[in-house]
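Notes for the one structure printed next.
Each value in this text was obtained by applying a stated rule to the coordinates, not by laboratory testing. Just so it is clear, the structure is predicted and the values come from calculations on it, not from any experiment. Here Cβ is always computed from backbone atoms with ideal geometry, including for glycine, and neighbour counts include all displayed protein chains.
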Amino acid sequence: MRFPILEAELSRWAEAGSRPRLWWRDDDAVCASPQLEKLTDLTGEAGIKVLLAVIPAHAEGSLAKYLELHPNLRACIHGWSHTNHAPVGEKKAELGLHRPLNEVVADVSRGREHMHQLFGNRLMPILVPPWNRVRADLVACLKGVGISALSTFAHPLIEPAMQANTHVDVMDWKAAGGKRGKPLDRVIEELVHALSVSRVNGAHPIGLLTHHLVHDKTVWDVLSVLASLDEVEWCGFPIPAPPVF
């Protein structure tokens, strides 16, 4: 399958003597499931590492056992309970400015401790804020509760030394009739845009964002195409602070 706009962008990378790197983050994991098995089959066969953002309050032992059997998957901390604390009319946030900072820090710390007990050395000390929103003053507190990296969405960074974001979301959360997968041509367009921004800004790795529990057939078909791209290099979470996997 040919994608002229992607081929043109990849040619620009090649002319610059570089090769784009992609990494994969999947959010809202809680348990072993048929959907997770499908994600594992797709990425494991392609040799792609996946960072699973796990909701600590809802995480089940079945997920910890599953990760022990699949070395391309690692867990990280997805807030505490994925609870929205924003008032009606504001964008959803669990780790926003809607509660005292000490309460937010306590939730993150509780999430990290619970996840460490559950996953042991399969846990990476990375925080993925629910809905990709985090108050800036929380970032300075993360190392104090055992978290060394942060991941949200889009190119702007709060703390570049410890943050690696995702940039391409395969889901259309505001689609008429309810959330659904984006068509392949739209995902390719968004990937090309993200690659072009990266190419002129230091060639930072591009993050792919998925949510395996809500994928439809469109998403799985798109991911099969992305996983088979030969002109890109798939890497793990691209910040050196957490343990390498």
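Averaging the inverse of every distinct alpha carbon separation and then flipping it gives the Kirkwood radius. What is it for segment 192-238, in angstrom units?
Values: mean 1/r = 0.0809 Å⁻¹.
Result for segment 192-238 stands at 12.4 Å.
Count charges around ALA53 for me, please; just the other residues with Cβ under 10 Å from its Cβ, Lys/Arg as +1, Asp/Glu as -1.
Numbers: positive: ARG25; negative: ASP26, ASP27, ASP28.
For residues surrounding ALA53, the net value is -2.
Please list, or write none, the aspartates and glutamates whose alpha carbon is within less than 17 Å of the alpha carbon of LYS91, excluding same-chain residues fewer than 8 places away.
Those aspartates and glutamates meeting the cut-off are ASP172.
Kirkwood-based Rg over Rh for segment 54-191 (C-alpha set), two decimals?
Working: Rg = 15.9 Å, Rh = 16.2 Å.
With Rh from the inverse mean 1/r over Cα pairs, Rg/Rh is 0.98.
Please sort through the DSSP H helices of the chain and keep those with an alpha-carbon extent of at least 24 Å along the long axis and a Kyte-Doolittle average not below -0.5. Each step should come with its number before you reach the end.
Numbers: long enough: 101-119 (27 Å, -0.39).
Span-like helices in the chain: 101-119.
Hey, which lysines would be in cross-link range of LYS38, C-alpha to C-alpha under 22 Å, not counting anything within fewer than 8 residues on its own chain?
Partners found: LYS49, LYS65, LYS179, LYS182, LYS217.
Per DSSP H run of at least 4 residues, take -39500 (n - 2.57); add these up for the chain, divide by its residues and hand me the 222 nm value, nearest 500 deg cm²/dmol.
Working: 7 runs with 84 residues, N = 245.
Value at 222 nm, helices only: -10500 deg cm²/dmol.
Could you order peptides 159-167, 41-49 by the average number of other Cβ atoms within 10 Å of their residues, highest first?
Details: 159-167: 17.2, 41-49: 15.4.
Highest mean packing first, the order is 159-167, 41-49.
Identify the residues of segment 147-164 with backbone N under 16 Å of a label point that sits 7 angstrom from the Cα of SER196 along the Cα-to-Cβ direction, or state none.
Residues passing the 16 Å test: 155.
Determine the distance separating the Cα centre of segment 39-56 from the Cα centre of segment 1-17; give it in Å without decimals.
Segment 39-56 and segment 1-17 have Cα centres spaced 26 Å from each other.
Would you work out which of LEU73, ALA93, LEU213 lies farthest towards the positive end of the dipole of the chain, given +1 charges on the beta-carbon of Lys and Arg and -1 on that of Asp and Glu, about the Cα centre?
Towards the positive end, the residue furthest out is ALA93.
State to the nearest 20 debye the size of the charge dipole of segment 21-234 about its Cα centre, where the only charges are +1 on K and R beta carbons and -1 on D and E beta carbons. Write down the numbers at each step before the final one.
Working: 22 positive and 25 negative charges, 89 e Å.
For segment 21-234, the charge dipole is close to 420 debye.
Provide the per-residue ³J(HN,Hα) series for segment 157-164, in order, calculated from phi with Karplus coefficients 6.51, -1.76, 1.60 and θ = phi - 60°, each as a whole number of Hz, with x at glycine and proline positions.
Once θ is set to phi - 60°, the couplings for segment 157-164 become 10, 7, 9, x, 5, 10, 10, 9 Hz.
Which peptide among 202-213, 8-19 comes first, and what is the full order, when sorted by highest mean count of other Cβ atoms within 10 Å?
Details: 202-213: 19.7, 8-19: 13.0.
Descending packing order for the listed peptides: 202-213, 8-19.
Work out the length of the dipole vector of segment 99-177 about its Cα centre, built from +1 on the beta-carbon of each Lys and Arg and -1 on the beta-carbon of each Asp and Glu, and round it to the nearest 20 debye. Please list the in-between numbers first.
On the way: 8 positive and 7 negative charges, 22 e Å.
Its charge dipole is roughly 100 debye.
Where Rh is the Kirkwood radius over the Cα pairs of segment 136-184, the temperature 4 °C and the viscosity 1.567 mPa s, what D in µm²/s does Stokes-Einstein return? Please list the in-between numbers first.
Numbers: Rh = 13.0 Å.
Answer from the Stokes-Einstein relation: 100 µm²/s.
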